[in-house]
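Below: one structure, written as structure tokens.
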Amino acid sequence: MKNIYKIREDFPILNKKINGTDLVYFDNAATSQTPKQVIQKIVDYYEQYNSNIHRGLHSLSTDATNQYELSRKIIQKHFGIKNNHEVIFTSGTTHGINIVSSGLESQINSSDELIVSEMEHHSNIVPWQILCEKTDAKLKVIPINKEGSLDIDTFKTMLNKNVKFVSINHVSNSLGTINPIEEIIELAHKNNSKVLLDGAQGAAHFKINLSEINVDYYVASAHKLCGPTGVGFLYGKSELLEALPSYQGGGEMISSVTFKKTEYADLPYKFEAGTPNISGVIGFGAAIDYMNDIGFDNIESYEQELLKYATDRLKEISGIKIYGNPGNKISVISFNLSNHHPSDIGSILDQFGIAVRTGQHCTQPVMDYYNIPGTVRVSLSFYNTKSEIDLFIDALEKASNMLG
Ligand SMILES: *Cc1c(COP(=O)(O)O)cnc(C)c1O
């Protein structure tokens, strides 16, 4: 990255000391850090125009509404979405998936089948299990192979006329695998199955044009791409969102309420019941702007450089086992060191100021597949550096010596 040290100045938290040493933050796949441009935008909202949106005619409310709707436009443009009303603000990826899965209840019956994969995050498994419990539909699972890739040949054999829906992640949060989504979407569409893409990991690492890939639904969270927590969005094709019942009832999602009959508002408001996370949505827009200023091409190539460097250095340590070696992956590395429990490694790394995630990463089926209790996961972002990787490797060597 050209101005990596200048970019790092945007992130106040990167100056933090942990146990007397500089913080090395390698847990970006769990949540990314927030640049001051985004923090300031949120502070501005509370200091300058905090008020409820869409309701008041007063100046503050107009400002808040304009900024909130500006974020919708930023997201629409960034993700190549045709219609503005196809962007629904949610509390995050999990919420977005639940809007779709619970809305489908009336369209799914006991002879239907739904497909997820073995590498899904729990939030793209459990909502579908709940839907299957309610409807008696069958949930089928695309297996993974040793490389940590999806077995597409098996997927092809799973498709039949009963398969109504395929819900798949773009990028695995525990292995880093980038899935061949164009192929999956095309195969599913040929089979008349709708597709939801879990973009929680993918959106942070590269640009995606949703109209081009022709996916039916897409979900993502702001906090994985430099935005605040508790906010995200659901994209759906207009006609599908119109056919989907609203998820919650309340204010803002209606056009008329009487005790005889309530009329729902049009998209997108039909799915945005109650007062939303206004400052969060505004911060989300600022985060997308920030990342576009740096440029997703720059982010992608620099993160690949970090991935290669970290992988090579990790392989120098004896007893390291890296899980997943797919052809295409993002800067996420899941590994174990000898027979040490991942959490023992994690706590020693923390003593050296290094933040990694340990455990199952909300992907227990992946851990079961490799027959391990969990992994240590390093997930690198565009504001990380090679010297941080060196610090991490030193600390890991110390951990290895300490644990024997
Ligand atoms: C983080 C993540 C989720 C869940 O996102 P929330 O913001 O917690 O709702 C879902 N899928 C993947 C692939 C993730 O990485």
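A single member of Gln107, Gln129, Gln76 is touching a residue at least 60 places away in the same chain (Cβ under 8 Å) and not charged (D, E, K, R), and it is Gln107. Tell me which residues, restricted to segment 102-121, are within 25 Å of Gly176 (Cα to Cα), of a type outside the set (A, V, I, L, M) and either more than 9 Å from the ligand (Cβ to nearest atom) or buried (at least 23 other Cβ atoms within 10 Å of the Cβ) (or both). Once the filter is applied, which keeps residues that are within 25 Å of Gly176 (Cα to Cα), of a type outside the set (A, V, I, L, M) and either more than 9 Å from the ligand (Cβ to nearest atom) or buried (at least 23 other Cβ atoms within 10 Å of the Cβ) (or both), segment 102-121 yields Ser117, Glu118, Glu120.
Scan segment 357-380 residue by residue and report those that are open to solvent by less than 10 Å² (accessible area, probe 1.4 Å) and within 16 Å of the ligand (Cβ to nearest atom). Passing the criteria: His361, Thr363, Val366, Met367, Gly374, Thr375, Arg377, Val378, Ser379, Leu380.
For segment 165-176, the criterion of being open to solvent by 40 Å² or more (accessible area, probe 1.4 Å), within 21 Å of the chain's Cα centre (by Cα) and more than 16 Å from the ligand (Cβ to nearest atom) is satisfied by no residue at all. Scan segment 273-297 for residues that are within 20 Å of the chain's Cα centre (by Cα) and either at pLDDT below 95 or in a loop (DSSP other than H, G, I, E, B) (or both) and jot them down. Hits for segment 273-297 are Pro276, Asn277, Gly295. Could you list all residues from segment 23-74 that are of a type in the set (Phe, Trp, Tyr) and in a helix (DSSP H, G or I)? The answer is Tyr45, Tyr46, Tyr49, Tyr68. Exactly one residue out of Asn145, Asn162, Asn209, Asn191 is under 29 Å from Ile74 (Cα atoms), open to solvent by 30 Å² or more (accessible area, probe 1.4 Å) and away from the ligand (no atom under 16 Å from the Cβ): that is Asn209. Only residues that are away from the ligand (no atom under 16 Å from the Cβ), closer than 17 Å to Leu380 by Cα and hydrophobic (A, V, I, L, M, F, W, C): list them for segment 9-30, please. Correct list: Phe11, Ile13, Leu14, Leu23, Val24. For Lys261, the conditions (1) farther than 28 Å from Ala29 by Cα; (2) outside any helix (DSSP H, G or I); (3) at pLDDT 95 or above all hold with the exception of (3). Taken over segment 200-232, the criterion of being closer than 14 Å to Gly80 by Cα and assigned to a loop (DSSP other than H, G, I, E, B) is satisfied by Phe206, Lys207, Ile208, Asn209, Asn214, Val215, Asp216.
Per-residue answers, yes or no, for (1) in contact with a strand residue (DSSP E or B) (Cβ under 8 Å, 6 or more places away or on another chain); (2) at pLDDT 95 or above; (3) within 28 Å of Ile13 (Cβ to Cβ); (4) outside any helix (DSSP H, G or I):
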| position | (1), (2), (3), (4) |
| --- | --- |
| Gln304 | no, yes, yes, no |
| Ser318 | no, no, no, yes |
| Lys321 | yes, yes, no, yes |
| Ile348 | no, yes, yes, no |
| Pro365 | yes, yes, no, no |
| Val378 | yes, yes, yes, yes |
| Ala399 | yes, yes, yes, no |
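Scan segment 45-54 and tell me whether some residue there is touching a Lys or Arg at 6+ places or on another chain (Cβ under 8 Å), of a type outside the set (Lys, Arg) and either modelled with pLDDT under 95 or within 21 Å of Ile213 (Cβ to Cβ) (or both).
no
Is it the case, given these coordinates, that Ile181 is within 16 Å of the ligand (Cβ to nearest atom), open to solvent by less than 20 Å² (accessible area, probe 1.4 Å), β-branched (Val, Ile, Thr) and not assigned by TED's automatic domain parsing to the domain that holds Ser331? Before the answer, list the steps.
Values: within 16 Å of the ligand (Cβ to nearest atom): yes; open to solvent by less than 20 Å² (accessible area, probe 1.4 Å): yes; β-branched (Val, Ile, Thr): yes; not assigned by TED's automatic domain parsing to the domain that holds Ser331: yes.
Here the answer is yes, as Ile181 does meet what is asked.
Restricting attention to segment 214-269, the residues that are open to solvent by less than 10 Å² (accessible area, probe 1.4 Å), β-branched (Val, Ile, Thr) and away from the ligand (no atom under 16 Å from the Cβ) add up to 0.
The values are calculated or read from the model by the stated rules, or taken from the named source; none is laboratory data. Here the structure is a predicted model, which is why all the values come from computation and not from measurement. For neighbour counting, all protein chains shown are included, and Cβ atoms are generated from backbone atoms with ideal geometry for every residue, glycine included. These area figures cover heavy atoms from the full protein model, side chains too; ligands, DNA and RNA do not enter into them. Shrake-Rupley method; radii C 1.70, N 1.55, O 1.52, S 1.80 Å.
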